[in-house]
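Following: one structure in structure tokens, then a few remarks.
Read the figures in this text as sums done on the coordinates, not as results from a lab. Just so it is clear, the structure is predicted and the values come from calculations on it, not from any experiment. For neighbour counting, all protein chains shown are included, and Cβ atoms are generated from backbone atoms with ideal geometry for every residue, glycine included.
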Amino acid sequence: VTPSPAQVLEADLTWTGDAFERGVRVEVGADGRIAALHRTVANDVPVRRLPGRALLPGLVDVHSHAFQRGLRGRGETFPEGAGSFWTWREAMYALVERLEAEEFRALCLQAFRELRAAGVTSLGEFHYFHHGKSGVDFAYDELVLAAAAEAGLRLVLLNTYYRTGGIGQPLAGGQRRFATPSPAAYWEQMDRLASRLAPPLQSLGAVVHSLRAASLADLEAVFAESRRRGLVFHMHVEEQRKEIEDCLAAYGKTPMALVNERLEVSERFTSVHCTHSAPEDMDRYGAAGGNVCLCPLTEANLGDGIADVPRMRAAGAGLCIGTDSNARLSILEEMRWMEYAQRLGSESRGVLRAGPEGEVARTVFRAATEGGARALGLAVGRIAAGCWADFLAVDLAAPALAGWTEETLLDALVFGAGNEALAATAVGGEWVERLNPGEAGFSRRNS
Ligand SMILES: [Zn+2]
């Protein structure tokens with residue numbers, strides 16, 4: 001890999017954290033990081049103009065299970081009227097039982113390319129599908145790394161510990177392909193993966209799938225080692241009421257209460273969903289600095305319920321966004337549904353408003369950029385010196401944005417536009433033009 005040359009970018013508009021500004025020149029170093037922002041400077045480095053485009057930080061998808069892209073258009077009929085999360089899970093397990101390595105890799109690549117076309121430059125892949133059909137071989141872990149490298153995404157491989165098929169129950173059927181036999185075996189594989197990463201684009205995070213998938217002792221052991229290694233830690237928490245009921249029956253406590261009591265929550269801890277978390281549990285979790293990853297489209301598709309996001313914000317939890325089941329890959333849509341679910345649940349508008357002017361788009365855009373960066377432990381999500389040069393270029397001539405002004409552009413994008421308004425993305429200063437309809441593949445354009 002040759003380092004990308006230094007470049008100075010100037011788009012018509014640049015998002016500098018609070019507003020779009022004109023005349024901002026973004027200097028990108030050969031190391032793929034933003035070196036400086038210049039507003040009034042004569043540079044001897046030639047400026048690369050991005051006419052008709054607005055430059056924003058690339059979007060961060062904190063939570064994905066790429067292989068579930070293979071369920072697209074499936075599991076959406078309900079002949080018995082009995083559709084639930086748990087019947088969806090059966091459809092997912094059927095996919096798991098039949099998948100072979102080549103199809104698994106192809107599904108990852110498909111999802112990752114679609115994510116890039118949806119403006120995503122950093123991804124947290126919550127990866128628990130470890131093995132081929134023949135047994136515990138961890139053969140699929142490196143397939144994820146390879147697919148992400150091919151799509152050019154910055155990847156945090158959230159490698160997942162998964163040992164039980166329910167509290168105190170053995171793995172069954174397709175779940176055996178998720179198996180991590182012990183914390184020691186898990187960390188051995190993490191060491192092996194650490195030597196297979198393609199830095200600086202790839203890094204590791206530690207994960208216990210959920211309290212359904214590990215004993216408390218294993219959870220504590222995996223978490224303690226993740227702290228020792230300075231890794232971010234993620235876990236599914238309280239997406240479904242049944243998980244809470246099972247946990248209460250087994251331990252006399254909710255999953256979130258156990259997290260608060262047993263683990264050292266910090267801004268490097270991310271709980272995914274928290275759809276049914278008790279307010280007092282969330283208060284304690286948020287006060288400790290924990291993140292909550294919301295996956296609005298998946299939570300709607302699976303009929304999970306509506307999370308108490310205002311309580312999360314009041315508690316001080318960091319908010320971020322994931323695409324989870326990848327039933328639809330659009331962060332713009334995830335952002336607007338983060339607010340819309342709250343509107344439908346509360347019969348009011350502007351639930352996630354921020355600042356004196358009550359802006360909603362800013363809250364959800366921060367979740368999809370700075371909030372995601374925090375949850376993944378990455379220097380991304382802002383156009384600022386020291387951050388990676390990961391950008392999203394928006395097409396200011398996109399029909400969906402017609403009528404925009406500097407003041408309304410972010411709202412128009414978040415509430416009115418789809419992926420077609422996204423012109424290109426850069427990861428570490430390497431640009432990829434968005435896939436055009438009818439084009440056979442992605443054109444890679446180096447500066
Ligand atoms: Zn998930």
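Across region 353-360, coupling constants 3J(HN,Hα) worked out from phi with the 6.51/-1.76/1.60 Karplus curve, θ = phi - 60°, read 5, 9, x, x, 8, x, 7, 8 Hz, and Gly and Pro carry x. Computed about its Cα centre, the charge dipole of region 202-330 is approximately 300 debye, with only Lys, Arg, Asp and Glu carrying charge at their Cβ.
Taking R0 as 22 Å, what FRET efficiency do you get between ARG22 and GLU357 from their Cβ-Cβ distance, rounded to the nearest 0.05? About 0.60, to the nearest 0.05. When the Gaussian network model of the chain links Cα atoms closer than 10 Å, the mean-square fluctuations of LEU231, LEU158, LEU248 top out at LEU248.
By the equivalent-ellipsoid construction on the alpha carbon gyration tensor, region 72-174 comes out with semi-axes of 25, 19, 13 Å, ordered largest to smallest. Taking each residue as 0.36 nm, the span from GLU103 to ALA384 lengthens on full extension beyond its C-alpha to C-alpha distance by 97.3 nm.
Dividing the C-alpha radius of gyration of region 20-77 by 2.2 N^0.38 Å, with N its residue count, gives 1.88. Rounded to the nearest 0.05, the FRET efficiency derived from the C-beta distance between ALA224 and ALA314 at R0 = 30 Å is 0.50.
Around MET235, under 13 Å between beta carbons, what's the net of Lys plus Arg minus Asp minus Glu among the other residues?
On the way: positive: ARG212, ARG262, ARG268; negative: ASP218, GLU220, GLU238, GLU239, GLU243.
With Lys, Arg at +1 and Asp, Glu at -1, the neighbours total -2.
Translational diffusion coefficient of region 117-193 at 25 °C, 0.890 mPa s, Stokes-Einstein with Kirkwood Rh over Cα pairs, in µm²/s as a whole number.
Values: Rh = 13.4 Å.
So the translational diffusion coefficient is about 182 µm²/s.
Each of PHE129, GLY73, GLY166 was placed along the dipole of region 68-187 (beta-carbon charges, centred on the mean Cα), and the one lying farthest toward the positive end is GLY166.
Here the calculated FRET efficiency for SER84 and GLU188, from their Cβ-Cβ distance with R0 = 35 Å, stands at 0.40, rounded to the nearest 0.05.
Can you give the convex hull volume of the alpha carbon atoms of region 199-245 per residue, in Å³? Can you show the working numbers first?
Numbers: hull volume 3.6 nm³, N = 47.
Measuring per residue, one finds 78 Å³ for the Cα hull of region 199-245.
Taking only DSSP H segments of four or more residues, each worth -39500 (n - 2.57), what value at 222 nm results for the chain once the sum is divided by all its residues, to the nearest 500 deg cm²/dmol? Mind dumping the intermediate values first?
Values: 14 runs with 143 residues, N = 447.
Estimated from H runs of four or more residues: -9500 deg cm²/dmol.
Computed over Cα pairs, the Kirkwood radius of region 1-127 leads via Stokes-Einstein (0.890 mPa s, 25 °C) to a diffusion coefficient of 134 µm² per second. Averaging the Cα positions of each part gives two centres, and for region 221-274 and region 142-216 these lie 16 Å apart. At full extension, ALA91 and ARG241 could sit 52.0 nm farther apart than now, given 0.36 nm per residue minus the alpha carbon distance.
Each Lys or Arg adds one and each Asp or Glu takes one away; over the other residues whose Cβ falls under 14 Å from the Cβ of GLY303, this sums to -2. When the alpha-carbon atoms of region 215-320 are used, the pair Rg, Dmax equals 13.1, 37 angstrom. Dipole size of the chain about its Cα centre, with +1 on Lys/Arg Cβ and -1 on Asp/Glu Cβ: approximately 500 debye, rounded to the nearest 20. Suppose we look only past 24 Å in the calculated P(r) of region 319-417. What percent of the Cα-Cα pairs does that tail hold? Roughly 26 percent, once rounded to a whole number. I want to verify a result. In a Gaussian network model of the chain, Cα cutoff 10 Å, which of these has the top mean-square fluctuation: VAL24, VAL47, VAL309? Sorting by GNM fluctuation, first place goes to VAL47. What is the log10 of I(q)/I(0) for the chain, computed with the Debye formula using one identical point scatterer on each Cα and no solvent, at q = 0.08, 0.10, 0.11 Å⁻¹? At q = 0.08, 0.10, 0.11 Å⁻¹ the computed log10 ratios are -0.43, -0.69, -0.84. Per-residue extension of 0.36 nm, minus the Cα-Cα distance of ALA250 and SER348, leaves a gain of 31.4 nm for this segment. Springs between Cα atoms under 10 Å define the GNM used for the chain, and in it the highest mean-square fluctuation of ARG262, ARG228, ARG39 occurs at ARG228.
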